[in-house]
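The values are calculated or read from the model by the stated rules, or taken from the named source; none is laboratory data. Owing to the predicted nature of the structure, the values given are computational and were not obtained by experimental measurement. With ideal geometry, Cβ positions are generated from the backbone for all residues, glycine too; neighbour counts draw on all protein chains shown. To get the accessible areas, we keep the full protein, side chains included, count just its heavy atoms, and leave off ligands, DNA and RNA. Shrake-Rupley method; radii C 1.70, N 1.55, O 1.52, S 1.80 Å.
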Amino acid sequence: MREDPRHRRDREQLGELPTLFIFAFSGHGLAGKLLTRGEPLTGDDLAAIYKEMDATRSVGLFDACFSESLALQGKGAIATPGFNPLTELPEEVLNAEGTVWFVSSRPDEQSYEDREIGSLFTYYFLESFTEAQPDGVAITLDEMWEYTRRRTSAHAARYGRAQNPVKIVRHLKSRGPLYFSFPSERRARVRFTPEVEGEFLIQYQHGALVERVSKPAGQPLEVALY
């Protein structure tokens, strides 16, 4: 597959840096396809997207699985198998190194909508950006997942339904936290005088979270910190 010119340009400017690609879909799935505004996406289409991005770590968020109309409104208009990446994606993509999959339900389950809040999985994942348990100044992707999983299953169970989101982690080279949400305000400031120059690293969480600051000479610089 031909390399994306943007990737080549980034590598020329920045070198071989770790990269993260996230694909998120919340909508309707029908007969093994994700229904989009244009042409539907198949498992092979998604596989091609992931291969083209060629990221160090890839995250997939899918909320478009088996659908059915019940007391909790099913995610879809008719009762038919929808799209579940656990069954639709090619094995070489599903098992690719450095991949994390978050799927709204098991392959044999429905993914439900509530008439008031919409999709359970999507609603609680969005809520987790501010409500999941923070690790210092930030919230990790793992904490967001646990928040979403617990509340999705509990909400469906209140209506006598079973919806159990699934997480799959494939061949990660490191197990360090992936910080995904920063709900805290930056209340501190650090000021660099004009004569200072260089690359500076600001560390949080005992070094697990690092920000880089580039300071050229000649102008003062003020940086907001947690």
### Message
Let me confirm something: among Pro90, Pro107, which residue is within 19 Å of Arg170 (Cβ to Cβ), open to solvent by 20 Å² or more (accessible area, probe 1.4 Å), at pLDDT below 85 and touching a Ser or Thr at 6+ places or on another chain (Cβ under 6 Å)?
### Response
Pro107
### Query
Are any residues in the stretch 27-44 open to solvent by 60 Å² or more (accessible area, probe 1.4 Å) and either in a helix (DSSP H, G or I) or among the aliphatic types (A, V, I, L, M) (or both), and if so, which ones?
Leu30, Ala31, Leu35, Asp44
#### Entry: Candidate set from the stretch 185-210 (those that are at pLDDT 85 or above and surrounded by 12 or more Cβ atoms within 10 Å (Cβ to Cβ)); member that is nearest to Leu141 (Cα to Cα)
Ile202
### Message
I'm told Arg186 meets every condition in (1) charged (D, E, K, R); (2) touching a residue at least 60 places away in the same chain (Cβ under 8 Å); (3) over 17 Å from Leu61 (Cβ atoms) except one. Can you identify the failing condition by its number?
### Response
(2)
### Task
Give the stretch 105-138 a look and list any residue that's within 17 Å of Ala64 (Cα to Cα) and assigned to a helix (DSSP H, G or I), or say none.
Leu120, Phe121, Thr122, Tyr123, Tyr124, Phe125, Leu126
### Query
With Leu178, Leu126 as the choices, which residue is open to solvent by 60 Å² or more (accessible area, probe 1.4 Å) and closer than 23 Å to Leu46 by Cβ?
Leu126
### Query
Does Ala188 fit the bill of being within 25 Å of Gln133 (Cα to Cα) and more than 25 Å from the chain's Cα centre (by Cα)?
yes
### Task
Determine if the stretch 51-58 includes at least one residue that is part of a loop (DSSP other than H, G, I, E, B), among the charged types (D, E, K, R), open to solvent by 60 Å² or more (accessible area, probe 1.4 Å) and modelled with pLDDT of 85 or more.
no
### Message
I'd like the full set of residues that are surrounded by fewer than 17 Cβ atoms within 10 Å (Cβ to Cβ) and in a loop (DSSP other than H, G, I, E, B), limited to the stretch 139-172.
### Response
Tyr159, Gly160, Ala162, Asn164, His171, Leu172
